[in-house]
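Chemist: The structure follows.
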Amino acid sequence: MPWRIWESRAERIDRQAAAWAVEMESPQSERQVQDFEAWLRKSPAHLRAYQETAGVATLSEDLRLGAQEVSEPERGTAGRHRSLLAFAAALILAITGSFWFARDTSPAFAAVSNHGDAIRPVALRDGSQVLLDIGTDLKIAIPLDEHQLSVDRGRARFAIPQSHDLEIVTSEGRVIASGGLIDVAASQSEVRVLLLRGKATLVVSAGAKELDRIDLRLGQVVRLRDGKIAATPQSEADASWVASRVNFADAPLATVLAQANRFGRPLLRVADNATGKLRVTGVLDLRDTRALARKLAAALDLRVVETGETLVLAPADQAPR
């Protein structure tokens, strides 16, 4: 347009920031996210303009709501769901590595929430993987080399690479984990920590004052409330919650059953290859395999046949082989 010849540098940057704000609401490709990151890094003026346009200049209520909108699962076609979920995760990584910051000297955090209806995975640039339970609010320290996250509400499982340290902050204290696998759950009344693999130390605090410090034991659930520690043995539910609500998009039935068999009993199998190729879309609870078999049979016009310690899903008019 001719008028753009006369626009100032600031006006051009503001226009570009507005365009990026619209595109980043629903990124369509990984290349698009990479181009966005490159534009942000090109000049501090780009960063300031985007913050003003996107409403993320401070960690305010608007920022929290914006993070929720990014993290809600898409409900379009199966292919679009998978691609947008992947690129939404890439967007979060771009945010955590590029431009979220506070104006004072305190650490800044990027908010990542799961307000959908299934467990949500998030990958961090240091190689750590995080599974967010439904209704979980997580904050990631910026820059990422701070190696600090905050669980404000809900439950998360952290898979930390070997030789990496990660600090997980809660209202009752902080967990310093060295590699391995660890669950952290936070509610209004208490914090629960479960070490599944690796090493971790729990630091109990009240404000800035450290009250206690203990090394966590494998397979033990530590409950922290009002500065007091209580330990209980790990239950099956503590370890298997990651399979509580799994989202499948056009997945083969055989794949669904194989994943369910990792978490529950009795074992499930299909009567034949054709049955195993039936497609499944939906959010399923994999822990109760017997209930899962009934649900799948009703949805796919199958029947459930019990053979010893196994449940077989077979066509309604066919006996299992």
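The values are calculated or read from the model by the stated rules, or taken from the named source; none is laboratory data. Keep in mind that what you see is a predicted model, and the values were worked out from it rather than measured. We place every Cβ from the backbone using ideal geometry, glycine too, and count neighbours over all the protein chains shown. All accessible areas refer to the heavy atoms of the entire protein, side chains included, with ligands and DNA or RNA removed. Shrake-Rupley method; radii C 1.70, N 1.55, O 1.52, S 1.80 Å.
Chemist: What are the residues in region 287-309 that are open to solvent by 30 Å² or more (accessible area, probe 1.4 Å), touching a residue at least 24 places away in the same chain (Cβ under 8 Å) and under 24 Å from ALA237 (Cβ atoms), if any?
Modeler: ARG287, ASP288, ARG290, GLU309
Chemist: Looking at region 127-140, is at least one residue in contact (Cβ under 8 Å) with a residue 24 or more places away in the chain, open to solvent by 30 Å² or more (accessible area, probe 1.4 Å), more than 22 Å from LEU216 (Cα to Cα) and in contact with a helix residue (DSSP H, G or I) (Cβ under 7 Å, 6 or more places away or on another chain)?
Modeler: Looking through region 127-140, none of the residues is in contact (Cβ under 8 Å) with a residue 24 or more places away in the chain, open to solvent by 30 Å² or more (accessible area, probe 1.4 Å), more than 22 Å from LEU216 (Cα to Cα) and in contact with a helix residue (DSSP H, G or I) (Cβ under 7 Å, 6 or more places away or on another chain).
Chemist: Separate question: Within region 151-193, restricting attention to residues that are polar (S, T, N, Q), part of a strand (DSSP E or B) and open to solvent by 50 Å² or more (accessible area, probe 1.4 Å), which residue is nearest to LEU218 (Cα to Cα)?
Modeler: SER178
Chemist: Within the bounds of region 269-280, is there any residue that is open to solvent by 30 Å² or more (accessible area, probe 1.4 Å) and among the hydroxyl-bearing types (Ser, Thr, Tyr)? Step through it out loud before you land on a result.
Modeler: Let us first name the residues in region 269-280 that are open to solvent by 30 Å² or more (accessible area, probe 1.4 Å), namely 269-270, 273-274, 277-279.
Retained after the next criterion (residues that are among the hydroxyl-bearing types (Ser, Thr, Tyr)): none.
No - not one qualifying residue is present in region 269-280.
Chemist: Run down LEU194, LEU211, LEU181 and say which single residue is in contact (Cβ under 8 Å) with a residue 40 or more places away in the chain and of a type outside the set (D, E, K, R).
Modeler: LEU194
Chemist: If you go through region 205-231 one residue at a time, how many are more than 26 Å from the chain's Cα centre (by Cα) and more than 15 Å from ILE176 (Cα to Cα)?
Modeler: 11
Chemist: Pairs under 8 Å by beta carbon, first residue farther than 12 Å from LEU286 by Cβ in region 251-272, partner open to solvent by 30 Å² or more (accessible area, probe 1.4 Å) and part of a helix (DSSP H, G or I), six or more apart or different chains?
Modeler: Correct list of pairs: LEU253/LEU300; PRO266/ARG290; VAL270/ALA254.
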